[in-house]
Amino acid sequence: MRQQTGRDIAPATGKLGVMLAGLGAVSTTFIAGVENVRRGRALPIGSLSQMTTIRLGKRTDKRAPKGKDFVPLADLKNLVFAAWDPIPDDAYTAAVKAGVLERHEHLEPIKDFLQNIKPLPAAFDQYYVKRLQGTNVKRGKNKRELAEQLRADIRAFQKSAGVDRLVIVWCASTEVFLTPGPAHQSLAAFEKAMEQNDQSIAPSMLYAYAALMENVPFANGAPNLTVDLPVMERLAEERKVPIGGKDFKTGQTMMKSVLAPAFKARMLGLSGWYSTNILGNRDGEVLDDPESFKTKEESKLGLLEHILQPEVYPELYGKVFHKVRINYYPPRGDNKEGWDNIDIFGWLGYPMQIKVDFLCRDSILAAPIVLDLALFFDLAHRAGLSGIQEWLSFYFKSPQTAPGLYPEHDLFIQQTKLKNTLRWMMGEEQITHLGIEYYEKA
Ligand SMILES: NC(=O)c1ccc[n+]([C@@H]2O[C@H](COP(=O)([O-])OP(=O)(O)OC[C@H]3O[C@@H](n4cnc5c(N)ncnc54)[C@H](O)[C@@H]3O)[C@@H](O)[C@H]2O)c1
């Protein structure tokens with residue numbers, strides 16, 4: 001049954017510009033993937049926006065349209081891309097170097113298209129990403145000037161590409177670990193700090209500021225603070241722009257957010273979880289720097305505690321030893337291997353072990369997330385939603401939440417939240433899974 005309370009959603013007319021900070025493995029796998037899909041050469045596997053169905057009404061109603069036919073999302077054919085990167089390689093060269101996609105099958109046939117995507121000079125500072133050196137960088141007398149140049153890039157792209165709307169997704173490197181400070185508390189303090197080249201203002205924050213000032217939604221795929229700051233949250237609310245992050249939930253953490261809820265559902269105890277990875281791409285190289293790794297580590301460690309609630313279940317989860325390692329190992333390239341050793345205990349405290357060995361492909365898992373975030377952030381904007389988009393927690397390792405709320409990490413709760421939000425937007429009933437009406441006849 002359709003309710004009468006759906007949101008007013010502006011139609012997805014015209015083109016949607018997707019601007020990416022970073023034109024590395026994830027970005028090029030995303031862009032090349034979309035183009036292959038548009039040309040009918042591949043399927044958008046892993047993308048909810050393109051593949052999932054959504055049940056509406058009772059099970060017996062048998063209504064389950066595809067998500068993209070249910071909500072007015074931008075069509076893939078209307079996406080136009082731009083990117084910033086301190087490394088001047090065009091999207092074709094960057095994709096070949098990243099070595100994720102099979103060159104002859106997925107890159108050569110779209111070579112011209114990819115070569116046309118050349119990175120704009122980045123707002124970049126090696127202090128924040130120690131293992132990179134960039135030549136394609138903006139110059140300015142202070143950080144505020146760099147932010148103004150980013151704003152000008154956004155406006156210029158909107159005009160030159162003739163796009164109606166824009167979204168920005170941070171797919172650039174993980175920056176060194178920072179904590180929120182005085183410069184991040186208000187717009188006035190932030191702008192002053194930019195002018196003074198304050199070290200607490202990382203380049204990713206300049207992109208976030210530029211996006212919000214230009215009324216462009218911003219999603220953060222790395223664990224940097226970026227939009228997870230009081231100043232950005234307030235700015236997003238004031239300017240009615242959606243924001244969200246942080247850190248794409250792809251391989252090992254996705255598995256964790258499935259397994260940990262299963263242990264908790266069965267009331268099985270956990271004494272330790274040791275996770276290690278070998279990874280040989282540029283991201284792995286950047287994360288080899290202890291300061292960038294610290295940012296990633298924080299993002300990867302948080303979820304077990306939130307899912308398992310040791311304060312509620314001290315006998316089961318009060319003494320969990322949780323360790324995460326990432327080891328840079330070039331021979332594997334983007335094909336990461338993530339091992340998990342999980343020590344659980346059951347009835348009367350008897351120990352058991354689970355071993356997970358996930359031979360995944362990092363960017364293959366991340367690319368559809370970039371697509372979904374771009375489309376859903378654009379949808380949110382057209383639906384008049386602003387500030388933190390908690391319903392998109394599904395895609396993030398450490399989901400941003402309103403102050404005072406704990407993040408929801410369980411993948412299936414996140415999925416229910418996402419689909420229920422789409423139902424709510426369209427004025428459809430929420431699915432409660434009660435189902436008593438099938439058994440209690442009137
Ligand atoms: N692939 C995954 O599964 C996954 C999962 C979660 C998060 N991430 C994050 O996504 C990001 C991208 O991953 P990747 O594998 O594509 O890495 P990558 O190293 O291949 O690409 C990142 C690109 O960002 C560029 N860059 C660095 N600083 C920049 C700046 N200030 N402005 C613009 N560009 C900048 C780099 O030059 C590089 O080309 C990383 O932060 C990574 O931690 C990836």
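With 0.36 nm allotted per residue and the present C-alpha distance subtracted, the D343-I413 stretch has 22.8 nm of extension available.
A 1.4 Å probe, protein heavy atoms only, puts the accessible area of D247 near 0 Å². Applying 1/(1 + (r/R0)^6) with R0 = 41 Å to the Cβ-Cβ distance of K62 and A188 gives a FRET efficiency near 0.15.
Across region 11-22, computed HN-Hα scalar couplings (Karplus, 6.51 cos²θ - 1.76 cosθ + 1.60, θ = phi - 60°) run x, 8, 7, x, 9, 10, x, 10, 9, 10, 7, x Hz from first to last residue, x flagging Gly and Pro.
Here region 282-346 is described by how far its Cα atoms reach on the three principal axes: 42, 24, 14 Å, from widest to narrowest. When a 1.4 Å probe is rolled over the protein heavy atoms, the share of accessible surface on region 154-296 that falls to carbon and sulfur comes to 53 percent.
In this calculation the C-beta distance from I45 to E298 is compared with R0 = 30 Å, giving a FRET efficiency of 0.45.
Split the accessible area of region 1-114 by element, probe 1.4 Å, and carbon with sulfur accounts for 52%.
For G181, no residue has an amide H sitting under 5 Å from its own, ignoring neighbours fewer than 5 places away on the same chain, with H placed 1.01 Å from N. With 0.36 nm allotted per residue and the present C-alpha distance subtracted, the E108-D288 stretch has 61.6 nm of extension available.
At the listed q of 0.10, 0.14 Å⁻¹, the Debye profile of the chain, built from one uniform point per Cα, gives log10 I(q)/I(0) equal to -0.72, -1.41. Per-residue ellipticity at 222 nm computed for the chain from its helices equals -11000 deg cm²/dmol, with DSSP H segments shorter than 4 residues left out and the rest contributing -39,500 (n - 2.57). Size of region 201-331 from its Cα atoms: along the principal axes, largest to smallest, the extents are 49, 41, 21 Å. Taking 0.36 nm per residue of separation and subtracting the Cα-Cα distance, full extension of the segment from Q199 to L434 would add 79.3 nm.
Normalised per residue, the accessible area of the chain is 44 Å², obtained with a 1.4 Å probe and no contribution from ligands, DNA or RNA.
The values are calculated or read from the model by the stated rules, or taken from the named source; none is laboratory data. Please read all numbers here as calculations on a predicted model, not as lab measurements. We place every Cβ from the backbone using ideal geometry, glycine too, and count neighbours over all the protein chains shown. Accessible surface areas use protein heavy atoms only, side chains included; no ligands, DNA or RNA. Shrake-Rupley method; radii C 1.70, N 1.55, O 1.52, S 1.80 Å.
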